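**Student:** Quick one: the structure is below, questions incoming.
Just so it is clear, none of the values below were taken in a lab; they were calculated from the coordinates. What you see is a predicted model; the values in this text were computed from it and never measured. We place every Cβ from the backbone using ideal geometry, glycine too, and count neighbours over all the protein chains shown.
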């Protein structure tokens, strides 16, 4: 089972402290609007790029709705990464995307 966080908890937390956020949407989706400070790690390329991540860090993983990020979390957790799925994704983000 993967760890999850509701947007109602994630958003205030992201405003209080710096979080490492991975957006697993495709680049065109990411560049059309994303959560501030998020890095783009597309799900379609995660297998070949996951070694670029630091296993000592905690990652909040987000997509449009939470489905792709859940798949990414399952994949990354199996590889030993500390990941938390952001439920609701960018469509639940209560502020402006950048």
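**Student:** Tell me which residues, restricted to the range 54-80, are farther than 20 Å from residue 9 by Cα and touching a strand residue (DSSP E or B) at 6+ places or on another chain (Cβ under 7 Å).
**Tutor:** Within the range 54-80, 72, 76, 77 qualify.
**Student:** Please state which of the following conditions residue 32 fails to meet, knowing it meets all the rest: (1) under 15 Å from residue 97 (Cβ atoms); (2) surrounded by 16 or more Cβ atoms within 10 Å (Cβ to Cβ); (3) more than 12 Å from the chain's Cα centre (by Cα).
**Tutor:** The failed condition is (2).
**Student:** A follow-up question, please. Can you name every residue in the range 12-53 that is within 17 Å of residue 79 (Cβ to Cβ) and either touching a strand residue (DSSP E or B) at 6+ places or on another chain (Cβ under 8 Å) or in contact (Cβ under 8 Å) with a residue 40 or more places away in the chain (or both)? Show your work before the answer.
**Tutor:** If we filter the range 12-53 for residues that are within 17 Å of residue 79 (Cβ to Cβ), which is where we start, we get 20, 22, 24, 41-53.
Within the range 12-53, 20, 22, 24, 41, 53 meet the criteria.
**Student:** Moving to a separate point now. Against the conditions (1) surrounded by fewer than 17 Cβ atoms within 10 Å (Cβ to Cβ); (2) closer than 19 Å to residue 4 by Cα, where does residue 76 fall short? Just the number, please.
**Tutor:** Single failed check for residue 76: (1).
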